[in-house]
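Below is one structure, written out as structure tokens; the observations come after it.
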Amino acid sequence: MISKKMTKAITLQINREQFSAYLYLAMANDAMDKGFKGAAKWFTMQYEEEQEHAMKFAKYLQERGAKVEQAAIEGPKTEWKDLLEMFKDALAHEKLVTGWINDLNTLAIAEKDYATQNMLVWFINEQVEEEGSAQDVIWMLEMGGGSKGALFMIDRKLGEREDD
Ligand code: FEO
């Protein structure tokens with residue numbers, strides 16, 4: 001049986017994953033509003049991934065016999081200056097998430113909760129990918145220097161994102 005403390009920590013992480021989903025949906029909406037259809041698709045896929053992360057944690061708690069309880073989701077920022085600011089915020093957010101996942105793992109180690117440690121391996125690896133993909137887009141945008149031609153090409157490339 002999973003501890004109450006671990007259950008509470010994972011429940012908080014579920015809320016944070018749902019906030020992440022909400023944040024990326026806000027970015028998708030703002031990108032669409034600014035005419036960046038490719039970036040809107042990229043962020044919409046990210047929104048869906050975050051919902052999957054929340055569900056992964058919820059299913060895990062249920063498998064361990066704990067009840068999943070929902071809490072209110074904080075409202076995200078809804079407006080960004082440009083795509084670069086959006087992706088910089090995305091990267092900063094993913095770094096925060098990495099810290100939270102690491103904290104969960106620290107707790108699981110302290111509790112000798114091997115099942116939770118094992119479950120978290122997937123998330124630890126996922127965070128490397130999440131930070132890496134946001135960083136890649138930042139580099140592309142910085143290289144493009146904000147020119148209209150570069151933005152057009154980058155937006156098209158972002159629209160080619162497929163399920164990973
Ligand atoms: Fe669920 Fe983007 O971390």
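Given in Å, the Rg to one decimal and the Dmax to the nearest whole number for the Cα atoms of the stretch 6-164 are 16.9, 54. Between Val128 and Asp82, the simple spin-label model (points 7 angstrom out along Cα→Cβ) gives 3.3 nm. In order along the stretch 117-122, the Karplus-derived 3J(HN,Hα) couplings, from 6.51 cos²θ - 1.76 cosθ + 1.60 at θ = phi - 60°, round to 4, 5, 4, 6, 4, 4 Hz, and Gly and Pro are given as x. Working note: 222 nm ellipticity from helices only, DSSP H runs with n ≥ 4, each -39,500 (n - 2.57), summed and divided by the residues of the chain, gives -27500 deg cm²/dmol to the nearest 500. Phi-derived couplings, Karplus 6.51 cos²θ - 1.76 cosθ + 1.60 at θ = phi - 60°, listed residue by residue for the stretch 131-144: 5, x, 6, 5, 4, 4, 5, 4, 4, 4, 5, 5, 5, x Hz, with x used for Gly and Pro.
Comparing Ile109, Ile138, Ile14 in a Gaussian network model of the chain, where Cα atoms under 10 Å apart are tied by springs, the biggest mean-square fluctuation is seen for Ile109. Counting only residues at least eight positions apart within a chain, or on another chain, the aspartates and glutamates with an alpha carbon under 20 Å from that of Lys67 are Glu17, Glu52, Glu111, Asp113.
Build a GNM of the chain with springs between Cα atoms under 10 Å apart, and of Met27, Met119, Met86 the one that fluctuates most is Met119. Between Phe152 and Lys5, the C-beta separation translates, for a Förster distance of 45 Å, into a calculated FRET efficiency of about 0.35.
If a paramagnetic tag sat 7 Å from the Cα of Met143 along the Cα-Cβ line, which residues of the stretch 4-39 would have the backbone N under 20 Å from that point? Answer for this model: 38-39.
Per-residue 3J(HN,Hα) values for the stretch 66-83, derived from phi via the Karplus relation 6.51 cos²θ - 1.76 cosθ + 1.60 with θ = phi - 60°, read 9, 8, 8, 10, 7, 10, 4, 9, 4, x, x, 4, 10, 9, 10, 5, 7, 4 Hz in sequence order (x marks Gly and Pro). Taking a ≥ b ≥ c as the square roots of the eigenvalues of the Cα gyration tensor of the stretch 34-91, is the shape rounded (a/c under 1.5), prolate (a/b larger than b/c) or oblate? Judged from the Cα gyration tensor, the stretch 34-91 comes out prolate (a/c at least 1.5, a/b above b/c). Note on the stretch 22-164: with neighbouring protein chains present and a 1.4 Å probe, carbon and sulfur make up 54 percent of its accessible heavy-atom surface.
The values are calculated or read from the model by the stated rules, or taken from the named source; none is laboratory data. From a predicted model like this one, the values you see are computed outputs, not experimental measurements. Don't worry about glycine lacking a Cβ; one is built from the backbone with ideal geometry, like all the others, and counts go over all protein chains shown. Heads up: the accessible areas ignore ligands, DNA and RNA and are worked out on the full protein's heavy atoms, side chains in. Shrake-Rupley method; radii C 1.70, N 1.55, O 1.52, S 1.80 Å.
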